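Notes follow once the structure below has been shown.
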Amino acid sequence: MASRRKFVAGNWKMHGSLADASALATAVSQGVSGLDNIDVVVCPVNVHISAVASVTQSTSVKLGAQNAHPAESGAFTGETSMAMLGELGCQYAIVGHSERRQLFGETDKAVAEKVEAALQQGITPILCIGETLDEREAGHLEKVIHAQLGEVLARVGIDALSKVVVAYEPVWAIGTGKTASPQQAQEVHAMIRARLACDNADIAASVQILYGGSVKPDNAADLFSQADIDGGLIGGAALDADSFTAICQAASAL
Ligand code: PGA
């Protein structure tokens, strides 16, 4: 089996002041220093990125954005391009988070365009996919996952997936305190890898697939020790440096 590095990303969403973001970045950088066998990424709001970059640039913590517009520039009031985020030091961008899909109407097609735009700028997209509770209960889990992945594969091709991190985030587990059980999550991670393997087995074996949805220090090790789970995309627990550090330590210890 391919050996994949564990990867932990914190999605700070629209929380905190500028001072809070700098303080959190400082505490996280100190907390995870020395955990050299994993990738650690923090994703502040766009207007906090520069301040966080000045804290993280001399550390092992990498920076990501939470969203971006697919165009390089243009008349898109209020939007920010991948290129602009790259200039600020972002090496990653979350793309297609379920909040973007549900609250801002992002379609699978729009998400695929953003993946392509990120790759064109040398930014690694953290591609979020996942089903709602209704979709799961109606037996549409595989169909939804395949559609979300399929749109991206059709746009950028399987080879590009070697430069993508996938995050499986069941919508019903995000911010709800309801975590998918390690077995439930593993089942979908294996399904994702199997879908990618239909196009290229080597790439499928090397892609980092994160789990997201109410990951906490006390469930991280169980989730991350599953065969196809390579780490986590952390929301609520990423806002507390001690919790986020503990999750990173769990990933590092595996
Ligand atoms: P949560 O969020 O950890 O608060 O459930 C995860 C996410 O939205 O990426």
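The values are calculated or read from the model by the stated rules, or taken from the named source; none is laboratory data. As the structure is a prediction and not an experimental result, all values here were calculated from the model. Cβ coordinates were reconstructed from backbone atoms using ideal geometry, including for glycine residues, and neighbour counts include every protein chain displayed. Heavy atoms of the whole protein, side chains included, go into the accessibility calculation; ligands, DNA and RNA do not. Shrake-Rupley method; radii C 1.70, N 1.55, O 1.52, S 1.80 Å.
Report whether or not Leu85 is of a type in the set (A, V, I, L, M, F, W, C) and either out of contact with any strand residue (DSSP E or B) (no Cβ under 8 Å at 6 or more places or on another chain) or open to solvent by less than 30 Å² (accessible area, probe 1.4 Å) (or both). Here the answer is yes, as Leu85 does meet what is asked. All told, Thr132 falls short of being within 19 Å of Phe7 (Cα to Cα), in contact with a helix residue (DSSP H, G or I) (Cβ under 9 Å, 6 or more places away or on another chain) and either in contact (Cβ under 8 Å) with a residue 12 or more places away in the chain or within 16 Å of the ligand (Cβ to nearest atom) (or both). Filter the stretch 1-50 down to the residues that are more than 16 Å from the ligand (Cβ to nearest atom) and among the polar types (S, T, N, Q) and list them by number. Hits for the stretch 1-50 are Ser3, Ser17, Ser22, Thr26, Ser29, Gln30, Ser33, Asn37, Asn46, Ser50.
Look at the stretch 200-229: where a residue is free of Cβ contacts under 8 Å to residues at least 60 places away in the same chain and acidic (Asp, Glu) and a partner is more than 12 Å from the ligand (Cβ to nearest atom) and open to solvent by less than 10 Å² (accessible area, probe 1.4 Å), sitting 6+ places away or on another chain with Cβ atoms under 7 Å, you get Asp228/His189; Asp228/Ile209. Just one of the listed residues (Gly157, Gly150, Gly96, Gly86) is at pLDDT 95 or above, away from the ligand (no atom under 16 Å from the Cβ) and at positive phi, namely Gly157.
Taken over the stretch 220-254, the criterion of being over 20 Å from Glu131 (Cα atoms), within 12 Å of the ligand (Cβ to nearest atom) and open to solvent by less than 20 Å² (accessible area, probe 1.4 Å) is satisfied by Ala220, Ala237, Ala238, Phe244, Ile247.
Pull up the stretch 207-219, narrow it to residues that are away from the ligand (no atom under 11 Å from the Cβ) and surrounded by 16 or more Cβ atoms within 10 Å (Cβ to Cβ), then point me to the one that is nearest to Gly130 (Cα to Cα). In this case the residue turns out to be Ile209. Condition check for Lys178 on (1) open to solvent by less than 30 Å² (accessible area, probe 1.4 Å); (2) within 13 Å of the ligand (Cβ to nearest atom): one failure, at (1). Every condition in (1) open to solvent by less than 70 Å² (accessible area, probe 1.4 Å); (2) closer than 26 Å to Val171 by Cβ; (3) outside any helix (DSSP H, G or I) is met by Arg101 except one, and the failing one is (3). Of everything listed in (1) more than 14 Å from the ligand (Cβ to nearest atom); (2) touching a residue at least 40 places away in the same chain (Cβ under 8 Å), the single unmet condition for Ala197 is (2).
Taking the numbered list (1) open to solvent by 30 Å² or more (accessible area, probe 1.4 Å); (2) more than 24 Å from Leu24 (Cβ to Cβ) in turn, Ala160 passes all entries but (1).
All of Pro182, Pro125 fail the test of being at pLDDT 95 or above and more than 18 Å from His97 (Cα to Cα), apart from Pro182.
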